[in-house]
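Since every read-out is calculated from the coordinates, none of them should be taken as a lab result. Small disclaimer: the values here were computed from a predicted structure and weren't measured. Cβ: placed from backbone, ideal geometry, glycine included. Neighbour counts: every protein chain shown.
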Amino acid sequence: MNVLITGASGQLGSEVASISSLYPTMNFFFATSKIVDICNFNELESYVLQNNIDSIINCAAYTQVDKAEEEFDAAEKVNSVGVANLVKVLKNRNGKLIHISTDYVFDGKNYIPYKESDLTNPLGVYGRTKLKGEEIIIDSDINAIIIRTSWLYSEFGNNFVKTMLRLGGERETLGVIADQVGTPTNAKDLAYTCLEILSNYDQLNKKGSIYHYSNEGAASWYDFATAIMEFSKTDCNVLPIETKDYQTLAERPPYSILNKSNIKSDFDVSILNWRASLKKCIKKIEKK
Ligand SMILES: NC(=O)c1ccc[n+]([C@@H]2O[C@H](COP(=O)([O-])OP(=O)(O)OC[C@H]3O[C@@H](n4cnc5c(N)ncnc54)[C@H](OP(=O)(O)O)[C@@H]3O)[C@@H](O)[C@H]2O)c1
């Protein structure tokens, strides 16, 4: 299996690289945006043909939720047009796609965990462009699995964990939003899930199926920050604040917990609790 990892220098792409040696039957091609720009169809197609790629894990995305409000075209280009290019190139080769989407396709009005079949209603540009990417894949009828995930962090790249560790070291107190609830997800766990699914893909015969995946449990950003300080033994007092007191360009769903029953039953994946997985990630960061 010749597997292209797009967006290879991002959090998820880097995590896939870190565990790739555990999957010796897969021949990996890690492409940063400089090597393969998914928005450039010719560049993508010639890379795929040259390397005889038959599967793609799309880790490339425009992920800046607030900036997207001011840069609709840039977000749309990567999250929708780029996805259409991946679909086109795979359709020509009958290839497989694992694509990552987001909990931000929902408006957060639920009070029980979101199922894949629940109504989407993104609140911002990022979520709308990611939803359009999903729709392009579903409409194409290619061999594809879309995994919606939430609140990704990693030992690689920039993320909430790294920001909290930095701010926690600089400040005595920190106000963090307590009225948005979701599930932090270690990108390494998601990377394993993507590779397990791809390894078993041929027995599944899935066309455009959506699955939800995050770590187990629920947290507010305040809970998440408090756990980061606890596990890193950082002496910083985290205070709960309300969304209305922390203005951002993009509105976020107040509730975005994902129901993971389908991915657990169809793929036999066991999922770590978010606190246990966070602890592991902080240990990795501390060793660096
Ligand atoms: N981060 C989260 O909290 C979160 C939550 C839910 C879902 N997700 C989804 O999970 C997936 C992985 O996210 P992540 O956190 O790993 O993202 P990330 O760290 O921001 O990485 C995204 C990568 O995509 C690359 N990229 C951007 N435009 C590209 C293009 N035109 N062609 C090729 N590569 C391009 C970027 O490269 P450059 O840096 O060179 O531009 C970057 O390496 C994404 O689909 C995201 O929407 C993320």
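Converting phi to 3J(HN,Hα) with the Karplus coefficients 6.51, -1.76 and 1.60 and the offset θ = phi - 60°, segment 176-192 yields 10, 4, 10, 10, 10, 10, x, 9, x, 10, 6, 4, 5, 5, 5, 4, 4 Hz in sequence order, with x at every glycine or proline. Working note: Karplus 6.51/-1.76/1.60 with θ = phi - 60° gives segment 262-274 the couplings 5, 5, 5, 7, 6, 10, 6, 8, 9, 10, 6, 5, 4 Hz, where Gly and Pro are set to x. If you plug the beta carbon distance of ASN262 and ALA218 into 1/(1 + (r/R0)^6) with R0 = 30 Å, you get a FRET efficiency near 0.95. Multiplying the residue separation of LYS115 and SER46 by 0.36 nm and subtracting their alpha-carbon distance yields 21.1 nm. In this calculation the C-beta distance from ALA276 to LEU239 is compared with R0 = 35 Å, giving a FRET efficiency of 0.90. Net charge of the neighbourhood of LEU249, taken over other residues with C-beta under 13 Å away and scored Lys/Arg +1, Asp/Glu -1, is -3. At a Förster distance of 35 Å, what's the computed FRET efficiency of GLU230 paired with GLU135, Cβ-Cβ distance as r, to 0.05? Efficiency, from the Cβ-Cβ distance: 0.30. At full extension, GLU170 and THR32 could sit 46.4 nm farther apart than now, given 0.36 nm per residue minus the alpha carbon distance. Under a 5 Å amide H cut-off, with hydrogens placed 1.01 Å from N, ILE146 pairs with HIS99, SER209, ILE210, TYR211 among residues at least 5 apart or on other chains. Considering only alpha-carbon pairs that sit under 8 angstrom and 6 or more positions apart, the relative contact order computed for the chain is 21 percent. Under a model in which nothing but the beta-carbon of Lys, Arg (+1) and Asp, Glu (-1) is charged, segment 238-288 shows a dipole of about 460 debye around its Cα centre. Each of THR183, THR120 has some number of other Cβ atoms within 10 Å of its Cβ, and from fewest to most they run THR120, THR183. The antiparallel fraction among DSSP beta bridges confined to the chain stands at about 5%.
Working from the alpha-carbon coordinates of the chain, get Rg over Rh, Rh being the Kirkwood radius. Here Rg/Rh amounts to 0.96.
Please give the contour-minus-distance gain from GLN64 to ILE19: 0.36 nm per residue of separation, less the Cα-Cα distance, rounded to one decimal in nm.
13.6 nm
Given +1 at the Cβ of Lys and Arg, -1 at the Cβ of Asp and Glu and no other charges, the dipole of segment 118-261 around its Cα centre is 240 debye to the nearest 20.
Computed from backbone phi, the HN-Hα couplings of segment 22-37 come to 7, 10, x, 7, 9, 9, 8, 10, 8, 10, 6, 5, 6, 7, 9, 8 Hz, rounded to whole numbers (Karplus: 6.51 cos²θ - 1.76 cosθ + 1.60, θ = phi - 60°; Gly and Pro given as x). Note on LYS207: lysines with a C-alpha under 27 Å away, same-chain residues under 8 apart excluded, are LYS77, LYS88, LYS91, LYS96, LYS115, LYS130, LYS132, LYS188, LYS260, LYS264. Applying the criteria of a DSSP loop state and at most 15 other Cβ atoms within 10 Å to the GluC sites (Glu not before Pro) of segment 166-199 yields GLU172. Among DSSP beta bridges whose residues both lie in segment 151-288, state the antiparallel percentage, nearest 5. About 20 percent, rounded to the nearest 5.
Placing +1 on the Cβ of every Lys and Arg and -1 on the Cβ of every Asp and Glu, with no other charges, gives segment 45-120 a dipole of roughly 480 debye about its Cα centre.
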